[in-house]
Amino acid sequence: MDKPQKGYTADQVKESQKNSGKQPVTACLFSAAFFGALGSSFIYGYNLSVVNAPALYIKAFYNKTWNERYGEPLPAETATLLWSVTVSIFAIGGLLGALSVSIILKVLGRKGTLLLNNCFAVAAVLLLTFGERAKSFEMLIVGRFIIGVDSGIALSALPMYLGEITPRHIRGSIGQFNSILICLGVFTGQVLGLPELLGQESRWNYLFTFLALPAMLQLCVLPFLPESPRYLLIERRDEAGAERAFQRFLGKKDVSQELEEVHAEARAQDNLHAASVLQLLRSPAVRWQLITIIITMACYQLCGLNAIWYYTSGILREAGFAENVLPYITLSTGAIETLAAIISGLVIERIGRKPLLIFGFSAMAVFFSLLTVFLNFQDSLSWMPYLSYICILAVIASFCSGPGGIPFILTGELFEQSYRPAAFMIAGTVNWLSNFAVGLLFPFIQEALQSFAFLVFVVVCMLGSIYLYVVLPETKNKTFMDISQSFNKINKIPVPSPSHEMELVLSSKPGVNGKDQDVAKMESSF
């Protein structure tokens, strides 16, 4: 095979992309997506549900430990405080992970960051597993904090890695591995928490031991997979390494067109080094991309899905289900979550990101409204709780059809290489702060508004849908540079002239400098 040629024109690149846009998913790409998400997203999802089943046993352990230390029972208000800290410190750790991720990404790259992150997971497993044996509830609290740091880093590094290694025609489907594995993690936590498995007083600490399995699997596989070729080429200037990475991920020898696409993206950027958060905030070229990501990520947490769990058990009890069967009925929520995320991953490249997001938020608004009606008639009709439960399942399915995973995909797609780490840092910060705000404020909202509390989320979902309809362009099957340029009008950035584009191309070619470059510029002006 002839050696790949450099310096293709934009038209040639686009023509090649049209012709080669249906290449199959390689084993290397699938392994990176699956094992990357297994050691990252799965762990995050698992930790969202894992403390629910053993909650009574953990509280009893706290009380027993306190009694042995101080010779008196644990005061009720202290018990409530300790449990609240145990649950909420996960989000605080996530916020710290999100704030630190851009620095780690700059030093270690995408794959290196994911590998380092497993150290946090293993450390957390040791603390959470042996906290009971050491008679230290502090170890459980610190373990929850560290696994939160792990999740905060993972939810930024993984979507970035997947977006940069995947061909644009399947970028959405591969990106949905993040959402699918989060849902699968939630479901696995629910299953293992059943009384017949690990949801017993003598076994609850093994629920946390299980976290070591996905972390170790990722540690065994990821070192043998390539780094992001975009990171290698743009930030490390390692063209040979980028070429080898593209060849393995795409399963073909000639990757000259893919390399040229990355070169074109690099030429279009003012700064090839990773931009700081302050530079991102100040840049008018990405102003509306940043606003869009902040609003989308805030809606991701403030749309009410986290709050729905507060009502699920109560509605099931009202429906007449016995207490001992509630854990099995609740499994349906995790199953629906996972199924909806898988379906979304299968159709996202046909339907697009924008329609799925708008449909998901709009459908959530509809079902939250119906749920409010059904909750107000819950005591009047014996069969009304069943309709309420169906609405809960519909809300969960609507969320996972688009809003549950696409915000992370969009964060990687709306920004070019130099801005991407800072963008994920801001998106992650908004994500975790919003998560913490819901956990902190919803009990007060629920107390004040009772069954009308969900109307707050109806407003959030509708406003999010309207904003996305008006502002967000469709990013399906577009290059990162095409997506960035689609915001030029709203950002009031002038579109570069063809002669300026030619200057950029010529200036990046080896051997074209000094006097030759001046001649080239003169030629391009004719």
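The values are calculated or read from the model by the stated rules, or taken from the named source; none is laboratory data. Here the structure is a predicted model, which is why all the values come from computation and not from measurement. Virtual Cβ from ideal backbone geometry, glycine too; neighbours counted across all protein chains shown. Each accessible area value is taken on the protein alone, full model and side chains, heavy atoms only, with ligands, DNA and RNA left out. Shrake-Rupley method; radii C 1.70, N 1.55, O 1.52, S 1.80 Å.
Observations on the structure shown:
- Computed FRET value (nearest 0.05) for W83 with K253, which takes r as the C-beta separation and R₀ as 60 Å: 0.55
- Of the cross-linked pairs K252/K492; K106/K135; K111/K252; K111/K476; K354/K489; K253/K492, those separated by over 29 Å at the C-alpha level are K252/K492; K106/K135; K253/K492.
- Listed candidates (i) 26.6; (ii) 24.5; (iii) 28.5 - label of the one calculated as Kirkwood radius over Cα pairs in Å: (ii)
- Protection proxy ranking, peptides 246-256, 89-99, average beta carbon neighbours within 10 Å, highest first: 89-99, 246-256
- Neighbours of I483, meaning other residues whose beta-carbon lies under 11 angstrom from its beta-carbon, give a summed charge of 0 when Lys and Arg score +1 and Asp and Glu score -1.
- Carbon + sulfur, % of accessible area of the chain - ligands and nucleic acids excluded, 1.4 Å: 66 percent
- Accessible surface, the chain, averaged per residue in Å² (probe 1.4 Å): 44 Å²
- Given R0 = 22 Å, the distance between the Cβ atoms of F210 and L339 translates into a calculated FRET efficiency of 0.45.
- Each of V50, P385, S40 was scored by the projection of its Cα onto the charge dipole of the chain, and the greatest displacement toward the positive side belongs to S40; charges sit on the C-beta of Lys, Arg, Asp and Glu.
- Solvent exposure, largest accessible area first (probe 1.4 Å, DNA, RNA and ligands not counted), of F130, F187, F444: F444, F130, F187
- Site pair S313 and E138 shows an inter-label distance of 2.9 nm when each label is modelled 7 Å from Cα along Cα→Cβ.
- Surface accessible to a 1.4 Å probe, S465 within the full protein complex, Å²: 10 Å²
- Area of M216 that stays accessible when all protein chains are in place (1.4 Å probe, Å², to 10): 90 Å²
- Once the Cβ-Cβ distance of N306 and H273 is raised to the sixth power relative to R0 = 35 Å, the FRET efficiency obtained is 0.40.
- Cα-projected label distance for I291 with F452, points at 7 Å along beta-carbon direction, nm: 3.2 nm
- Taking the convex hull of the alpha carbon positions in segment 383-437 and averaging its projected area over all directions gives 4.7 nm².
- Virtual spin-label span in nm between F359 and V122, 7 Å along Cα→Cβ: 4.3 nm
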